[in-house]
Amino acid sequence: MSFSYQDQPILQDVSLTIQQGHKYLLAGPSGAGKSTLLKLMAGYLTGYQGQLVFHGQDYRAIGQAALMDRILYLTQTPQVISGTVADNLALTAHYSAAEMIQVLRRAALITTDAEGPAFLKQNVGAKGTALSGGQLQRLALARGLLRGYHILLLDEGTSAVDGPTAVQIEQDLLLDPRLTLLMISHTPHAATAPLFDHVIQFPLTKTAGTPASV
Ligand SMILES: Nc1ncnc2c1ncn2[C@@H]1O[C@H](COP(=O)(O)OP(=O)(O)O)[C@@H](O)[C@H]1O
Ligand SMILES: [Mg+2]
């Protein structure tokens with residue numbers, strides 16, 4: 001697969017396979033194409049050359065909406081709606097308080113079930129201003145976990161979360177054998193680094209005639 005923005009090539013003849021249940025760290029300098037790769041994998045970006053395949057099916061045949069139902073892409077600046085934490089978790093669906101409290105704990109927004117009911121009722125404010133940047137990132141993660149996503153693409157999705165909390169969340173995700181996880185992090189934590197199965201080092205390089213593979 002190759003991808004260019006206008007006529008600026010970003011990814012050239014990249015070939016890689018992501019295995020279900022494995023954990024990948026995307027490392028390398030800013031501007032190297034890490035976010036671009038995740039956006040392509042998530043189905044957000046189209047217009048690539050070559051082929052992207054999900055469980056044997058071509059991305060173009062699956063379609064963007066169906067891909068987004070299967071693959072969660074979490075950015076540094078998640079979307080929020082005005083209303084409560086519960087509104088932001090449920091959106092247009094319905095979940096029990098117990099289900100919501102469970103994911104709030106996994107995302108380290110609360111530490112005990114007892115904190116749950118009050119936190120669910122908390123207003124997030126206009127554009128989420130009543131919560132910190134790190135809390136908004138964790139809320140987006142909780143929303144995804146609640147929907148049972150098993151493929152998570154985290155684009156510095158814990159960048160605004162304080163160090164110890166980020167480590168706690170990352171460890172929880174990395175130790176979950178059901179999850180396929182690709183994570184971009186500028187600041188990989190020493191405590192979580194050994195839990196990754198693979199490091200995809202950017203810029204992706206290739207030798208003449210062969211695709212860059214990982
Ligand atoms: N929407 C866009 N239009 C044009 N160029 C872009 C766009 N998004 C990113 N780029 C450029 O593509 C390159 C790779 O960006 P990105 O994938 O965000 O890198 P990384 O995530 O590794 O920092 C950078 O040079 C960036 O400026
Ligand atoms: Mg990026």
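Miscellaneous remarks
- Subset of the range 100-115 (residues that are within 24 Å of the chain's Cα centre (by Cα) and more than 15 Å from T158 (Cβ to Cβ)): M100, I101, Q102, V103, L104, R105, I110, T111
- Summed over the range 139-163, the residues that are closer than 17 Å to I81 by Cβ and within 11 Å of the chain's Cα centre (by Cα) give a count of 3.
- Residue match in the range 76-95 (condition: touching a Pro at 6+ places or on another chain (Cβ under 9 Å), over 30 Å from I200 (Cα atoms) and in a helix (DSSP H, G or I)): no
- Taken over the range 141-188, the criterion of being among the β-branched types (V, I, T) and either assigned to a loop (DSSP other than H, G, I, E, B) or farther than 24 Å from G28 by Cα (or both) is satisfied by T158, V161, T187.
- From the list L181, L139, the lone residue that is away from ligand 1 (no atom under 16 Å from the Cβ), under 30 Å from S2 (Cβ atoms), buried (at least 20 other Cβ atoms within 10 Å of the Cβ) and not β-branched (V, I, T) is L181.
- Test for M41: is it within 16 Å of ligand 1 (Cβ to nearest atom) and either hydrophobic (A, V, I, L, M, F, W, C) or touching an Asp or Glu at 6+ places or on another chain (Cβ under 7 Å) (or both): yes
- Residue in the range 1-31 that is farthest from L152 (Cα to Cα), counting only those that are buried (at least 20 other Cβ atoms within 10 Å of the Cβ) and not aliphatic (A, V, I, L, M): F3
- Neighbours by Cβ (under 7 Å, 6+ apart or cross-chain): first from the range 53-67, over 15 Å from I18 (Cα atoms); second of a type in the set (D, E, K, R): none
- Of the residues K121, K127, the single one that is among the basic types (K, R), in contact with a strand residue (DSSP E or B) (Cβ under 7 Å, 6 or more places away or on another chain) and more than 20 Å from L26 (Cα to Cα) is K121.
- The C-beta contact set for the range 7-25 (first residue farther than 10 Å from L181 by Cα and without any contact (Cβ under 8 Å) to a residue 60 or more places away in the chain, second residue within 16 Å of ligand 1 (Cβ to nearest atom) and not hydrophobic (A, V, I, L, M, F, W, C), distance under 6 angstrom, 6+ apart or interchain) comprises I10/G33; I10/T36.
- Boolean, A66 is in contact with a Leu (Cβ under 6 Å, 6 or more places away or on another chain) and part of a helix (DSSP H, G or I): no
- Applying the set (1) modelled with pLDDT under 95; (2) crowded, with 18+ Cβ neighbours inside 10 Å to K34 leaves exactly one unmet item: (1).
The values are calculated or read from the model by the stated rules, or taken from the named source; none is laboratory data. Everything quoted here is computed from the prediction, not taken from an experiment. Cβ: placed from backbone, ideal geometry, glycine included. Neighbour counts: every protein chain shown.
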